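As structure tokens, the structure follows; a few thoughts come after it.
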Ligand code: F42
């Protein structure tokens, strides 16, 4: 099992560099940096990380093919690859509808746009002159002016069609989920995609991009995950909530609590609205022993990398070191 760690660049660059170095020293192989317009620029932060670390692989987790042209994505990730001495990975997904609306981007034809963008980026990274007459992107002989090197492309995906596309086009898939039920379901689409292009499963990295919260004190670990899980519950499609048997009234309680928090600042109410079942379904949170057990269950569904996503633990640094000391060695 490989281990990665996610960071949101809502931290100062030196804080982010500090945490990623702790993660590198703790044995994490990947760091994935999220990409939303309202946070610090993902490639600026990856440059800092490329210069400040030696081994850990690094990349956006995930960028998207809407807010910049695929040629710029190819150039940016190839630059990170050069600065980091060949450690770049590209995570790209359909992007986030809510944040796009705020910057006037309409979320049209995400599958088509993703397919075309990934094909174009792959050709540019291979040093080719790209002629591409797509429905969305039209390229007429563009080429990168410097060697990009080998850069794996991972696709962020939840829906069945995007999961299949990820298996067809990607070196891996980043799935925002924490529970074996979700990976059993995803497996069907992934197998279909691998079969369609004749790719073997061991050449493909299935990544559980999970909300994680680890601490020796179980209650502290579980409580630290409550707010993140509330947002996941509020944003989850019906099909996923049904799969986890989360009732409509329980979801409504969480949504009302989040509204209250935004309008009146009552964040404690959000934590109370999140049930134990929600924590189990939408996060990996608890003691190191419990986290190891859950990851072993995920491994049985074909997961090959686990990414420790927000909040990581009540104390980020302690949690990263605890994972390095008591979890990674048991699952390597
Ligand atoms: N999004 C961000 O914006 N920033 C991040 O940092 C970020 C991190 C991240 C990490 C892991 C991860 O898994 C996702 C992450 N995301 C992040 C979210 C990501 O960008 C996507 O929003 C998320 O993966 C959800 O996308 P999805 O895979 O579910 O695909 C969407 C588009 C979807 O609805 N897919 C469905 C499906 O079946 O796959 C339907 C697709 C569809 O619209 N089909 C239509 C049709 O007619 O079939 C249109 C067809 C066409 O041509 O597009």
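Every number here is computed from the coordinates shown, using simple stated rules; none is lab data. This one's a predicted model, so the numbers in the text were calculated from it and none came from an experiment. Cβ coordinates were reconstructed from backbone atoms using ideal geometry, including for glycine residues, and neighbour counts include every protein chain displayed.
When segment 81-98 is filtered for residues that are crowded, with 18+ Cβ neighbours inside 10 Å and within 15 Å of residue 35 (Cα to Cα), the ones remaining, listed by number, are 89, 90, 91, 92, 93, 94, 95, 96.
For segment 105-116, the count of residues that are buried (at least 22 other Cβ atoms within 10 Å of the Cβ) and either more than 9 Å from the ligand (Cβ to nearest atom) or more than 17 Å from residue 17 (Cβ to Cβ) (or both) is at least one. Listed conditions (1) assigned to a helix (DSSP H, G or I); (2) surrounded by 15 or more Cβ atoms within 10 Å (Cβ to Cβ) are all met by residue 11, apart from (1). Those helices (runs of 4 or more DSSP H) of segment 228-332 in which at least 3 residues are over 24 Å from residue 181 (Cα atoms), considering only elements entirely within it, cover 248-264, 267-273, 316-326.
Condition check ((1) over 21 Å from residue 298 (Cβ atoms); (2) touching a residue at least 12 places away in the same chain (Cβ under 8 Å)) across all residues:
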site: 211; (1), (2): no, yes
site: 220; (1), (2): yes, yes
site: 248; (1), (2): yes, no
site: 254; (1), (2): yes, yes
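Selection within segment 35-61: residues that are over 19 Å from residue 86 (Cα atoms) and within 12 Å of the ligand (Cβ to nearest atom). The member of this set that is surrounded by the most Cβ atoms within 10 Å (Cβ to Cβ) is 35. Among the residues here, residue 30 does not qualify as within 16 Å of the ligand (Cβ to nearest atom) and over 28 Å from residue 326 (Cβ atoms). The residue that is farthest from the chain's Cα centre (by Cα), counting only those in segment 144-161 that are more than 8 Å from the ligand (Cβ to nearest atom), within 17 Å of residue 117 (Cβ to Cβ) and in a loop (DSSP other than H, G, I, E, B), is 144. All conditions but one from (1) in contact with a helix residue (DSSP H, G or I) (Cβ under 8 Å, 6 or more places away or on another chain); (2) surrounded by 20 or more Cβ atoms within 10 Å (Cβ to Cβ); (3) closer than 22 Å to residue 7 by Cβ apply to residue 193; the one that does not is (3). Taking residue 221, is it crowded, with 20+ Cβ neighbours inside 10 Å and touching a helix residue (DSSP H, G or I) at 6+ places or on another chain (Cβ under 9 Å)? In short, yes.
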